[in-house]
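Structure, as structure tokens:
The values are calculated or read from the model by the stated rules, or taken from the named source; none is laboratory data. Remember, predicted model here, so these are calculated numbers, not experimental data. Note: ideal-geometry Cβ built from the backbone for every residue, glycine included; neighbour counts use all protein chains shown.
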Amino acid sequence: MTRYLHFIDGQAVEPASGEWFDIDNPLTGKPWAKVARGDWRDADLAVSAAQRALRDGPWSRMSAAERGRLLHRLGDLVSKEAAYLAELDGLGTGSPITVALTQIRVIAQWFHHFGRLAYKSEWSVAPVGRTGSFNIIRKGAIGVVASITPRKFPLLMAAWRLAPALAAGCTVVINPSHLCPISTISLASLLDRAGFPPGVVNVVSGFGSEVEEALLEHPLVVLIDLAGDDVIERCYIQAASSFKALGFDLGRPLLSLILEEERLDEVATGMLPQTFSHHSMTSAAFSETRVCFGGVREEAIDKINYYQQIRNVWFRIGVASIGREISYLRDRQGCESQRI
């Protein structure tokens, strides 16, 4: 069984505890890989490496244009290794390979975008209100960033955080979800091939209570960047006690409105894939659909029920008692479902 180690200071590192945990294949339910189980010691090692790279290493002396060139190389490598990365992402999340490949292309474009942006955003000029006078502003790195990424779209979530941080000159420690950390570890290994100095990006795998807490409390971490809502309360508490900056990606389910003049076939066929895409683990899923006009209410119900039947999906129906609205609520929080 393949073993995946932490990526710290530019190299694969054994877990300090000597412990490992299994990653299950979402199709078979059987383990297919072992991943290093990190704790506070691994987190401290990664943050210390990031701090050294930020203050003393070649990264600290690198110009924005040089950082941009490295990001372009990383984007090229992501494109070159697209099939391999997509396979790892699919094995971690159960995502279809076509979806994973589409996301890999977006990730490559994301790195190229911030590669171009790096040298354009370092300097700016601000007027001061007097003729012939102006201020020159140079933007610098904020410091060591701790990024906590969720299990949905692990590679995409990691890239969304890495690219802007690296363009700004920051160093990063990522703690990916323990359910699917392998694609993020593999992405980090590409940074060495792209020419990034050791310690600029570090990945510590493990469970939230063992790694995440150590990163939140570490005195050298300046900014906490996360997606999802399971650690927000702890982040607020830790940030308030240690004066850390916070960055959030807080998507929420969407509300769709069906109006009288809209074409119901297109509404029904477009709404259901959006709602159930990626097992509904997206920030852009419709959790509620409201039929706002009584003239199309029954027809809308029939259309939506029909497409649910042919797609063989589970859906929970709730009826709003206010006005002339009907609500369709996704089954969440363990609510009882019924087959339509």
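Among residues of region 54-69 that are free of Cβ contacts under 8 Å to residues at least 60 places away in the same chain and of a type in the set (Lys, Arg), none has a beta-carbon under 6 Å from a residue that is part of a helix (DSSP H, G or I) and surrounded by fewer than 17 Cβ atoms within 10 Å (Cβ to Cβ) at least six positions away or on a different chain.
Considering only region 1-58, state which residues are among the hydroxyl-bearing types (Ser, Thr, Tyr), exposed (fewer than 14 other Cβ atoms within 10 Å of the Cβ) and over 24 Å from Ala194 (Cβ atoms).
Thr28 - this is the single residue of region 1-58 that is among the hydroxyl-bearing types (Ser, Thr, Tyr), exposed (fewer than 14 other Cβ atoms within 10 Å of the Cβ) and over 24 Å from Ala194 (Cβ atoms).
Among the residues of region 190-219, what is the count of those that are over 12 Å from Asn175 (Cα atoms), surrounded by fewer than 17 Cβ atoms within 10 Å (Cβ to Cβ) and of a type outside the set (Asp, Glu)?
The total comes to 3.
The single residue among Gly29, Gly90 that is on the phi > 0 side of the Ramachandran plot and modelled with pLDDT under 90 turns out to be Gly29. Of all the numbered requirements in (1) within 24 Å of Asp56 (Cβ to Cβ); (2) of a type outside the set (Lys, Arg); (3) touching a strand residue (DSSP E or B) at 6+ places or on another chain (Cβ under 7 Å); (4) modelled with pLDDT under 90, Ala141 misses one, and that requirement is (3).
Determine whether Trp20 is modelled with pLDDT under 95, in the same structural domain as Asn202 (by TED's automatic domain parsing) and farther than 26 Å from Gly169 by Cα.
no
In region 168-192, the qualifying residues are those that are of a type in the set (S, T, N, Q) and in contact with a Leu (Cβ under 8 Å, 6 or more places away or on another chain), and the one that is farthest from Arg151 (Cα to Cα) is Thr171. If only residues of region 131-151 that are surrounded by fewer than 18 Cβ atoms within 10 Å (Cβ to Cβ) and hydroxyl-bearing (Ser, Thr, Tyr) are counted, the one that is farthest from Glu217 (Cα to Cα) is Thr131. Screening Val99, Val106 for residues that are closer than 30 Å to Tyr119 by Cα, out of contact with any Ser or Thr (no Cβ under 8 Å at 6 or more places or on another chain) and either of a type in the set (Val, Ile, Thr) or buried (at least 18 other Cβ atoms within 10 Å of the Cβ) (or both) leaves exactly one candidate, Val106. Residues in region 75-89 that are surrounded by 16 or more Cβ atoms within 10 Å (Cβ to Cβ) and in contact with a Leu (Cβ under 9 Å, 6 or more places away or on another chain) were compared, and the one that is farthest from Ala33 (Cα to Cα) is Leu77.
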